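Take a look at the structure set out below.
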Amino acid sequence: MSEKSFVFVVAGIPGVFAFDKDKEMVASSVFPRDSSKILDRLDSIRDGEQIEELREVVQSLDTKNIVTDIHMEIEGYNVEIKDSVSASEYLEENMRKLSLESGFVEEDSQFNRILRDIQIIKTRKNVKSSVKKDKVVSQAVSALQDLRRISNELSERLREWYGLYYPELKVKGNEKYTELVAGLERREEFEEFKGSMGIDLDKRDIDAVKGFAERLDGIYKEREELKKYLEDVMKDVAPNINHIIGSEMGAQLISLAGSLKKLARMPSSKIQLLGAEKALFRHLKGGGKPPKYGIIYNHPYIQQTPEGKRGKAARKIASTLMMAARTDQYTGKFKGKKYKKKLQRDLEEIRNE
Amino acid sequence: MNEIFEGVFKERGDFYTKSLDPGHKVYGESLVKKSGREFRKWNPDRSKLAAALKKGLDTLPMKKGTKVLYLGAAQGTTPSHVSDIVGEQGIAYLVEFSERAMRDLLDICERRVNMVPILGDARKPTDYGWVEDVDVVYQDVAQPDQVEILKRNVDEFLKDRGWIMVSIKARAMDVTREPKDIYREVESQLDGDFDIKEILELDPFEDDHCFIVAQKV
């Protein structure tokens with residue numbers, strides 16, 4: 001083909017262009033100034049459709065020899081298709097200039113607007129596809145923690161409030177206490193009632209505190225629902241982490257890391273200290289001892305280990321979690337049982353040293 | 001209102017830009033009407049560029065028609081003022097990595113014709129290689145390797161004699177070292193490739209931050 005004349009045919013945001021081998025524009029057919037129409041046209045071209053602008057450019061050429069990165073077959077033309085052609089790069093690099101020269105736009109601000117519109121559409125798509133299920137996990141575990149904090153706070157209030165009326169009611173567990181208060185009209189209805197030193201309240205006063213207890217009871221029920229939900233989602237999103245350390249702490253680790261992907265890329269020393277950032281930075285700035293553990297401190301694995309050996313146990317747990325996170329992120333396989341067994345054996349050894 | 005730079009106004013110690021989108025606030029800033037035009041107050045506690053202006057920045061290489069590549073656009077607080085300054089003839093390519101921040105940023109881009117959103121990693125400029133050459137690379141990314149990130153983008157997109165505007169967060173680079181040591185090190189890393197015009201510390205608006213304006217040699 002080299003001895004004969006040929007042209008490059010390429011497409012971009014402004015339209016379809018033909019360049020000679022010196023990158024002089026020899027033909028063009030511009031797209032409408034409308035971002036979604038442009039994206040449609042470009043998609044069609046990628047799918048091998050012969051759109052109107054492409055036909056127009058090809059028909060206006062005074063040669064039958066075409067070099068292009070567009071997948072096209074046209075009767076009567078000699079088309080050489082390459083993966084990349086330099087003219088495409090040239091079009092991309094000079095898009096603003098060529099947009100003005102071809103009449104795609106009349107001035108810079110029009111070009112800016114179209115570029116912006118196209119990027120908004122593309123970015124929305126990208127945002128949608130980059131938000132993964134692990135974000136749901138992060139939100140759910142945060143919501144669970146919020147509910148726990150709030151329900152404890154409200155329970156204290158309920159005990160103080162109802163305690164004015166029936167201070168003798170001694171029930172272990174805030175949830176149980178709330179359920180009892182929400183379920184009964186008057187203190188005399190309690191089985192163990194033998195008179196009270198509390199003040200007398202009329203129906204309106206009792207209804208108010210009872211209403212409060214009912215709402216709080218609802219919060220406790222929601223907390224249970226959310227716990228179950230989190231267990232389910234964690235089994236999907238991170239089954240290995242879930243099996244080793246439980247849904248809530250596993251979800252917390254994902255949330256602290258930012259995503260499962262980020263957790264999977266962390267060294268185990270960092271996983272060990274997730275949640276202890278404050279102590280870590282205090283140490284790095286030259287005050288205080290280095291922390292031994294972050295949120296994994298609260299796990300029974302650590303709590304069951306004697307104090308002098310907890311640092312070592314934390315290291316083992318973190319390295320197991322690192323493997324689990326990588327297995328969850330990159331393989332989707334379940335090896336949690338194996339990991340957990342090994343971890344329990346190792347921890348047993350540490351405790352008996 | 002005194003116009004101290006093209007598109008940047010000052011009144012009683014506060015800075016303003018003329019709004020490209022009158023009647024709308026971006027981040028709760030106050031709007032001031034003067035002789036038929038609307039100005040948005042530029043909050044130095046929210047925007048490091050406003051903090052730099054407060055601290056006496058003399059060089060602002062942006063005006064109507066300037067093309068800016070903005071790395072670390074976040075929720076768009078500072079970019080919205082940049083958008084006011086460069087106007088409809090100018091353009092700001094906004095690179096942001098966090099999809100959470102991008103959601104807020106997209107709402108602002110919808111209202112401003114010169115703000116072009118890019119969801120991407122500033123470490124990989126080839127991912128948005130279609131961006132044209134620009135007059136200014138603005139960087140606010142708070143990463144330990146931010147100078148390296150800056151240089152990659154400069155090589156790919158900055159015109160000859162173009163400008164960089166960089167916010168350095170010492171704590172993000174190394175918490176264990178003195179901020180002043182870090183600033184000096186950044187300065188020496190930029191020296192040679194850039195003619196450094198200004199280095200300003202941003203306290204009390206931002207602790208342990210400095211702001212650099214320099215020109216490519």
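Quick one: A:Arg215 ticks every box in (1) basic (Lys, Arg); (2) in the same structural domain as A:Ser151 (by TED's automatic domain parsing); (3) modelled with pLDDT under 95 except a single one, so which number is it?
Condition (3) is where A:Arg215 drops out.
Kindly check whether there is at least one residue in segment B:131-152 that is open to solvent by 10 Å² or more (accessible area, probe 1.4 Å) and under 16 Å from B:Tyr27 (Cβ atoms).
Scanning segment B:131-152 turns up at least one residue that is open to solvent by 10 Å² or more (accessible area, probe 1.4 Å) and under 16 Å from B:Tyr27 (Cβ atoms).
For segment B:27-37, which residues satisfy the criterion of being out of contact with any Lys or Arg (no Cβ under 7 Å at 6 or more places or on another chain) and either outside any strand (DSSP E or B) or surrounded by 12 or more Cβ atoms within 10 Å (Cβ to Cβ) (or both)?
Selection gives B:Gly28, B:Lys34, B:Ser35, B:Gly36.
For segment B:97-137, enumerate the residues that are at the interface with another protein chain (Cβ under 9 Å from one of its Cβ atoms), over 20 Å from B:Lys159 (Cα atoms) and among the acidic types (Asp, Glu).
B:Glu99, B:Glu110
Checking A:Lys172 against (1) in a helix (DSSP H, G or I); (2) closer than 30 Å to A:Leu226 by Cβ: exactly one of these is not met. Which one?
(1)
When you check A:Lys289 against the structure, is it within 14 Å of another protein chain (Cβ to nearest Cβ), farther than 12 Å from A:Leu273 by Cα and free of Cβ contacts under 8 Å to residues at least 24 places away in the same chain, yes or no?
no
Under 9 Å between Cβ atoms, which residue pairs at least 6 apart in sequence (or on different chains) link something in segment A:91-114 that is more than 9 Å from chain B (Cβ to nearest Cβ) with a partner that is acidic (Asp, Glu) and surrounded by 15 or more Cβ atoms within 10 Å (Cβ to Cβ)?
As it stands, the answer is A:Leu100/A:Asp108, since those pairs meet every condition given.
Checking the conditions here, which among A:Glu179, A:Glu160, A:Glu153, A:Glu188 is surrounded by 12 or more Cβ atoms within 10 Å (Cβ to Cβ) and not in a loop (DSSP other than H, G, I, E, B)?
When all the criteria are applied, what remains is A:Glu179.
Within segment A:268-283, identify whether any single residue is under 21 Å from the mean Cα position of the chain (by Cα) and assigned to a loop (DSSP other than H, G, I, E, B), and answer yes or no.
Looking for residues that are under 21 Å from the mean Cα position of the chain (by Cα) and assigned to a loop (DSSP other than H, G, I, E, B), one finds at least one in segment A:268-283, hence yes.
Of the residues in segment A:258-267, how many are part of a helix (DSSP H, G or I) and within 14 Å of chain B (Cβ to nearest Cβ)?
2
If I ask for residues that are part of a helix (DSSP H, G or I) and either of a type in the set (A, V, I, L, M, F, W, C) or free of Cβ contacts under 8 Å to residues at least 12 places away in the same chain (or both), which ones from segment A:236-254 would you list?
Residues satisfying the conditions are A:Val237, A:Ile241, A:Ile244, A:Ile245, A:Met249, A:Ala251, A:Leu253, A:Ile254.
Tally up the residues in segment B:61-70 that are of a type in the set (A, V, I, L, M) and either more than 16 Å from B:Lys48 (Cβ to Cβ) or open to solvent by 10 Å² or more (accessible area, probe 1.4 Å) (or both), please.
Residues in segment B:61-70 being of a type in the set (A, V, I, L, M) and either more than 16 Å from B:Lys48 (Cβ to Cβ) or open to solvent by 10 Å² or more (accessible area, probe 1.4 Å) (or both): 1 in total.
Taking segment A:295-318 on its own, how many of its residues are in contact (Cβ under 8 Å) with a residue 24 or more places away in the chain and open to solvent by 40 Å² or more (accessible area, probe 1.4 Å)?
7
Determine whether A:Ser2 is surrounded by 15 or more Cβ atoms within 10 Å (Cβ to Cβ), among the hydroxyl-bearing types (Ser, Thr, Tyr) and modelled with pLDDT under 95.
no
In segment A:123-135, how many residues are open to solvent by 30 Å² or more (accessible area, probe 1.4 Å), touching a residue at least 40 places away in the same chain (Cβ under 8 Å) and touching a Leu at 6+ places or on another chain (Cβ under 9 Å)?
So the answer is 2.
Identify, by number, the condition in (1) open to solvent by less than 10 Å² (accessible area, probe 1.4 Å); (2) more than 9 Å from chain B (Cβ to nearest Cβ) that A:Ser138 doesn't meet.
(1)
For A:Gln329, work out the one condition from (1) out of contact with any Leu (no Cβ under 9 Å at 6 or more places or on another chain); (2) open to solvent by 50 Å² or more (accessible area, probe 1.4 Å) it doesn't fulfil.
Failed condition: (1).
Look through B:Gln146, B:Gln215 and report the one residue that is without any contact (Cβ under 8 Å) to a residue 40 or more places away in the chain and of a type in the set (S, T, N, Q).
Residue meeting the stated conditions: B:Gln146.
Kindly establish whether A:Asp47 is farther than 29 Å from B:Glu156 by Cα and either touching a strand residue (DSSP E or B) at 6+ places or on another chain (Cβ under 6 Å) or open to solvent by 60 Å² or more (accessible area, probe 1.4 Å) (or both).
Answer is yes for this residue.
Scan the helices (runs of 4 or more DSSP H) fully inside segment B:105-217 and keep the ones with 1 or more residues being in contact with a Phe, Trp or Tyr (Cβ under 8 Å, 6 or more places away or on another chain).
In segment B:105-217, B:170-173 are the helices (runs of 4 or more DSSP H) which contain 1 or more residues that are in contact with a Phe, Trp or Tyr (Cβ under 8 Å, 6 or more places away or on another chain).
Exactly one of (1) at pLDDT below 95; (2) of a type in the set (Val, Ile, Thr); (3) under 18 Å from B:Thr78 (Cβ atoms) is unmet by B:Val213. Its number?
Every condition holds for B:Val213 apart from (1).
Specify which of the listed residues (B:Ala73, B:Ala92, B:Ala101) is surrounded by fewer than 24 Cβ atoms within 10 Å (Cβ to Cβ) and among the aliphatic types (A, V, I, L, M).
Among B:Ala73, B:Ala92, B:Ala101, only B:Ala101 is surrounded by fewer than 24 Cβ atoms within 10 Å (Cβ to Cβ) and among the aliphatic types (A, V, I, L, M).
For the structure I just gave you, tell me whether B:Ile85 is over 27 Å from B:Glu201 (Cα atoms) and either open to solvent by less than 30 Å² (accessible area, probe 1.4 Å) or at pLDDT below 95 (or both).
no
The values are calculated or read from the model by the stated rules, or taken from the named source; none is laboratory data. Just so it is clear, the structure is predicted and the values come from calculations on it, not from any experiment. Reconstructed Cβ throughout: ideal geometry from the backbone, glycine too, with neighbour counts over all protein chains shown. Note: accessible area is taken over every heavy atom of the protein model, side chains too, but ligands, DNA and RNA are not part of it. Shrake-Rupley method; radii C 1.70, N 1.55, O 1.52, S 1.80 Å.
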